[in-house]
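Enquirer: First the structure, which I've put down as structure tokens, then a few questions once you've had a look.
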Amino acid sequence: MELNAEQLETLLPHRPPIVMLDRVIDVLPNESGTGIRAFRDGDTCFEGHFPELPILPGVLAIEAFAQTAMAVFLAEHANGEAPNKLGLLLKVNEMAFSEKIVPGRTVEFAIKVDRQVGPFAFVDCKATGEGKKFAIGKITLKIGN
């Protein structure tokens, strides 16, 4: 299953400039998926970080993982009305960055749900693209109203 930008706008409450995904591919609802973002010159996420060498702030890569995970959890509503669920990033359990994300790169933010206990989802994350590994880690989300 694939979710396009229009479907993501219905599923997620995020709006520019904090929308971190162009689309989500390989979605297995409630299990896994891969958020895709083509970073471009002039993207607001690079403003001020750093003017001479734009680098995506790590917190925004983490946000991209969280948005991908929520799209995976809400994918079953993709062709209907907006879901009445909200996901909150509760914890960054661990995260390591190994390569800079800069304008001109397309990044795949892959997530896999390790387990879900009640409203809490424990998610494994890996960002790759163009033969590089950008980040790897684990996050915890709370999914509810």
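Enquirer: Any chance the stretch 24-36 includes a residue that's in a loop (DSSP other than H, G, I, E, B) and either more than 18 Å from V113 (Cα to Cα) or of a type in the set (F, W, Y) (or both)?
Expert: no
Enquirer: Can we say P17 is in contact with a His (Cβ under 8 Å, 6 or more places away or on another chain), part of a loop (DSSP other than H, G, I, E, B) and not β-branched (V, I, T)?
Expert: Against the criterion (in contact with a His (Cβ under 8 Å, 6 or more places away or on another chain), part of a loop (DSSP other than H, G, I, E, B) and not β-branched (V, I, T)), P17 does not qualify.
Enquirer: In contact with a strand residue (DSSP E or B) (Cβ under 8 Å, 6 or more places away or on another chain) and assigned to a helix (DSSP H, G or I): which single residue out of E6, E94, E63 fits that description?
Expert: E63
Enquirer: Pairs only if they're at least six apart or on different chains, beta carbon under 7 angstrom, first in the stretch 86-106 and of a type in the set (F, W, Y), second modelled with pLDDT of 95 or more and surrounded by 15 or more Cβ atoms within 10 Å (Cβ to Cβ); list them, first residue then second.
Expert: F97/G58; F97/F134; F97/A135
Enquirer: Inside the stretch 107-131, can you point out the residues that are of a type in the set (D, E) and under 15 Å from G33 (Cα atoms)?
Expert: Let us first name the residues in the stretch 107-131 that are of a type in the set (D, E), namely 108, 114, 124, 130.
Once the filter is applied, which keeps residues that are of a type in the set (D, E) and under 15 Å from G33 (Cα atoms), the stretch 107-131 yields E108, D114, D124.
Enquirer: Another question about this same structure. Pick out the one residue from E94, E99, E81, E130 that is out of contact with any Asp or Glu (no Cβ under 7 Å at 6 or more places or on another chain) and surrounded by 13 or more Cβ atoms within 10 Å (Cβ to Cβ). Don't jump to the end; show me each part of the working.
Expert: Details: E94 fails: surrounded by 13 or more Cβ atoms within 10 Å (Cβ to Cβ); E81 fails: surrounded by 13 or more Cβ atoms within 10 Å (Cβ to Cβ); E130 fails: surrounded by 13 or more Cβ atoms within 10 Å (Cβ to Cβ).
Step by step, each of E94, E99, E81, E130 is checked, and only E99 is out of contact with any Asp or Glu (no Cβ under 7 Å at 6 or more places or on another chain) and surrounded by 13 or more Cβ atoms within 10 Å (Cβ to Cβ).
The values are calculated or read from the model by the stated rules, or taken from the named source; none is laboratory data. Note that the coordinates shown come from a computational prediction; the quantities given were computed from them, not determined experimentally. When we count neighbours, we look across all protein chains shown, and the Cβ atoms used for this are built from the backbone with ideal geometry, even at glycine.
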